[in-house]
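Reading through the structure tokens given below for one structure.
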Amino acid sequence: MNVSQKCQYALRAVFELSKRAGQGPVRIGEVADAQAIPPRFLEIILGQLKSNGYVESRRGIQGGYQIAVDPSHLTVGDLIRFVDGPFEPVKCLGAGDGAECRMKGRCAFVGLWRRAQQAVENVFDTTTFTDLIEEEGAGSREYVPNYCI
């Protein structure tokens, strides 16, 4: 499975809004700068996230976007599936695609592909945006600069 660039931008945008949960709307430019996302592309992504209820927006001077769901209940897997679709390491695991495979019913790799799919799903589905915020905080505390000359 390959996470698309669009999906990576969506994940980073939701991450940034999750970090600012409860602080009111955040302008697109602030999210774009903080997460290195092209602003024009971010507008499109946030519009799609809004249509599915992940974010909400407010117009005007005090306007912007904010997370619409509790980051502790929103998983990375939820968002990846919304943007990129289901996790499938190979096409034959997808719904209906297996009928076209010439190896259907005798492929030694099906179990391997399913285990890989389940492992990836488990990681994404058990990681919330709150977890990522906490990991980022722990990582910044672990950083020890090296002042060797």
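The values are calculated or read from the model by the stated rules, or taken from the named source; none is laboratory data. Source: prediction; values computed, not measured. Neighbour counts are summed over all protein chains in view; Cβ atoms, including those assigned to glycine, are modelled from backbone coordinates with ideal geometry. The accessibility values were calculated without ligands, DNA or RNA, using every heavy atom of the protein model including side chains. Shrake-Rupley method; radii C 1.70, N 1.55, O 1.52, S 1.80 Å.
A few notes on this one:
- In region 87-99, the residues that are of a type in the set (Asp, Glu) form Cβ pairs under 6 Å with partners that are at pLDDT below 80, at six or more places apart or across chains, as follows: 88/94; 97/91.
- Pair list, Cβ < 8 Å and 6+ apart or interchain, from region 47-74 residues that are at positive phi to residues that are open to solvent by less than 80 Å² (accessible area, probe 1.4 Å) and in a strand (DSSP E or B): 64/26; 64/57
- For first residues located in region 30-45 and free of Cβ contacts under 8 Å to residues at least 24 places away in the same chain, partners that are surrounded by fewer than 20 Cβ atoms within 10 Å (Cβ to Cβ) and among the aromatic types (Phe, Trp, Tyr) and lie 6+ apart or on another chain with Cβ distances below 9 Å form the pairs 32/41.
- Assessment of region 54-69 against the conditions (under 30 Å from residue 27 (Cβ atoms), open to solvent by 70 Å² or more (accessible area, probe 1.4 Å), within 15 Å of the chain's Cα centre (by Cα) and not hydrophobic (A, V, I, L, M, F, W, C)) yields no matching residue.
- Residue within region 6-21 that is over 23 Å from residue 134 (Cα atoms) and either among the charged types (D, E, K, R) or out of contact with any strand residue (DSSP E or B) (no Cβ under 9 Å at 6 or more places or on another chain) (or both) present: yes
- For region 77-121, filtered to residues that are small (Gly, Ala, Ser), open to solvent by 50 Å² or more (accessible area, probe 1.4 Å) and outside any helix (DSSP H, G or I), the residue that is nearest to residue 55 (Cα to Cα) is 95.
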